[in-house]
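The values are calculated or read from the model by the stated rules, or taken from the named source; none is laboratory data. What you are looking at is a predicted structure, and each value in this text was computed from that prediction instead of being measured. Using ideal geometry, Cβ is built from the backbone for each residue, glycine included, and neighbour counts are taken over all protein chains shown.
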Amino acid sequence: MNKTFIVIDAQEDFTRGALKNDDAIKALPVVRELVSYAEDHQCQLIYTMDTHHANYLETQEGRKLPVPHCIRDTSGWQICPEVLPEKATPVICEKGQFGYPDWKRFDLDNMEEIVLCGFCTDICVSANFQILKALFPEVPMTVISDACAGVTPQLHEAALLVMGSCQANVMTWEEYTART
């Protein structure tokens with residue numbers, strides 16, 4: 001299978017840590033299934049990590065969201081262990097705010113599909129989707145709705161609608177596996 005699966009910011013601070021989110025915790029088993037599927041089908045698997053530093057509160061994001069989170073080398077910065085691959089060494093991309101700027105370094109132009117999931121739907125998932133869509137406009141992209149969680153359920157749904165209007169295939173994991 002010539003597909004890439006991207007897990008956006010499935011980190012402790014977005015699930016059980018500083019920005020605890022019960023919807024993200026509920027999505028972790030679905031993310032686990034997606035990762036297992038990607039491994040079983042020998043698909044490229046990429047993780048992003050929201051990465052901040054000790055001066056976080058001095059940054060624009062820190063002033064707008066004064067909750068230190070995903071500070072490099074802290075427990076909250078770590079990827080949730082249950083969503084790490086069991087068989088492969090993951091490709092991990094650290095990023096500052098919102099979107100990873102260097103997607104072109106991966107050979108994604110000829111992918112059959114790019115599949116995204118992760119946290120927060122309305123911030124980092126949607127930002128990365130938009131960057132990927134701009135860089136690889138002809139590659140079909142799918143967002144797995146139940147493997148994502150937003151800051152609020154309303155923002156999650158709004159982000160899914162916007163990504164859908166920008167040509168994402170938005171579906172649940174059950175719908176995705178039924179079609180493949």
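Brief remarks on what is shown
- Residues in the stretch 1-28 that are within 19 Å of Ala127 (Cβ to Cβ), aliphatic (A, V, I, L, M) and in a loop (DSSP other than H, G, I, E, B): 2 in all.
- Filter result for Leu161 (surrounded by 17 or more Cβ atoms within 10 Å (Cβ to Cβ) and not basic (Lys, Arg)): no
- Residue match in the stretch 28-46 (condition: touching a Gly at 6+ places or on another chain (Cβ under 8 Å) and free of Cβ contacts under 8 Å to residues at least 60 places away in the same chain): no
- Taking first residues from the stretch 89-107 that are free of Cβ contacts under 8 Å to residues at least 40 places away in the same chain and partners that are of a type in the set (Gly, Ala, Ser), the Cβ contacts under 6 Å between residues at least 6 apart in sequence or on separate chains come to Phe98/Ala127; Gly99/Ala127.
- Search result, residues across the stretch 167-180 that are outside any helix (DSSP H, G or I) and either within 14 Å of Cys117 (Cα to Cα) or touching a helix residue (DSSP H, G or I) at 6+ places or on another chain (Cβ under 8 Å) (or both): Gln167, Ala168, Asn169, Val170, Met171, Thr172
- Output for the stretch 104-121, where each listed residue is in contact with a helix residue (DSSP H, G or I) (Cβ under 6 Å, 6 or more places away or on another chain) and closer than 16 Å to Thr51 by Cβ: Gly118, Phe119
- Qualifying residue in the stretch 141-162 (condition: farther than 28 Å from Leu65 by Cα and in contact (Cβ under 8 Å) with a residue 12 or more places away in the chain): yes
- Check on Val67, surrounded by 18 or more Cβ atoms within 10 Å (Cβ to Cβ) and either in contact (Cβ under 8 Å) with a residue 12 or more places away in the chain or under 18 Å from Ile144 (Cα atoms) (or both): no
- Top-ranked residue in the stretch 147-166 [being touching a helix residue (DSSP H, G or I) at 6+ places or on another chain (Cβ under 7 Å) and in a loop (DSSP other than H, G, I, E, B); ranked as farthest from Asp9 (Cα to Cα)]: Cys166
- Qualifying residue in the stretch 83-97 (condition: loosely packed, with under 12 Cβ neighbours inside 10 Å, at pLDDT 95 or above and either over 23 Å from Val151 (Cβ atoms) or not aliphatic (A, V, I, L, M) (or both)): no
- Qualifying residue in the stretch 98-107 (condition: of a type in the set (Phe, Trp, Tyr), over 24 Å from Glu82 (Cα atoms), at pLDDT 95 or above and not in a loop (DSSP other than H, G, I, E, B)): yes
- Top-ranked residue of the stretch 29-54 - restricted to ones that are among the hydroxyl-bearing types (Ser, Thr, Tyr) and in a strand (DSSP E or B), ranked as surrounded by the fewest Cβ atoms within 10 Å (Cβ to Cβ): Tyr47
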